[in-house]
Amino acid sequence: MSVEDALPARLAIDLDGAFEDLVRTHQQLVFGAALRVTSNRADAEDVTQETFVRAYRALGGYDGERVGAMRLRPWLARIAVNLAKNKVRRHRQSDPLDVDPADTGRGPEDAAVAGDAAALTGAALARLPERYRTVVALRHIEGLSYAELAEAFDRPVGTVKAQVHRGLALLRVALEEAQ
């Protein structure tokens with residue numbers, strides 16, 4: 001049994017003692033999900049911190065049986081994505097003339113000129129519509145399974161598969177156009 005598999009049981013027994021392992025094990029996933037939605041490192045760091053604060057509070061209120069049976073990856077991804085969406089929404093409401101958060105200022109064409117494949121892919125991914133960008137990133141960068149994505153987004157597995165497929169198709173088109 002891996003550390004990740006044993007973590008829910010450990011959290012059920014000793015939340016304070018095992019919480020640091022929860023953060024260490026899942027901080028990259030949570031930060032990655034937040035970054036894909038916000039497209040802003042500082043906002044993603046804020047969302048990551050708030051995700052773990054909310055997770056700690058929620059876990060403290062659940063009974064041990066519920067905590068022990070939890071699937072932590074999709075649960076944390078869902079919290080992070082929802083918090084990140086709320087942060088983006090608040091930014092748009094506070095400054096409606098602000099630049100689109102997906103507009104990083106550097107498009108796929110700029111990255112192609114620079115010859116940086118990773119930057120090219122990242123720029124093309126950042127320009128995808130949010131509903132595709134997030135599921136593609138969580139599936140192919142953060143490694144969530146389709147079942148975990150379905151749980152995180154509260155959607156049927158078929159819907160999530162279709163969104164990943166469509167997102168990858170849009171990403172391929174953007175990369176081909178940039179070359």
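Values quoted throughout were computed directly from the atomic coordinates according to the rules given, and no laboratory measurement underlies them. In this text, all values refer to a predicted model and were calculated from it rather than measured experimentally. Because the Cβ atoms are built from the backbone with ideal geometry, glycine has one as well, and the counts that use them run over all protein chains shown.
Taking 7 Å steps out from each Cα toward its Cβ at Ala162 and Glu20 produces label points 4.7 nm apart. Placing a label point 7 Å from the Cα of Asp63 along the Cα-to-Cβ direction, the residues of segment 1-45 whose backbone N falls under 19 Å from that point are 8-15.
Fewest neighbouring Cβ atoms within 10 Å first, the residues Glu65, Glu142 line up as Glu65, Glu142. What the phi angles of segment 57-74 give under the Karplus curve with 6.51, -1.76 and 1.60, with θ = phi - 60°, is a coupling list of 4, 5, 4, x, x, 8, 6, x, 5, 5, 4, x, 9, 6, 9, 5, 4, x Hz, glycine and proline written as x. Per-residue Cβ neighbour counts within 10 Å put Arg139, Arg89, Arg54 in the sequence Arg89, Arg54, Arg139, beginning with the fewest. Computed from label points 7 Å out along Cα-Cβ, the spacing between Tyr56 and Glu176 is 4.9 nm.
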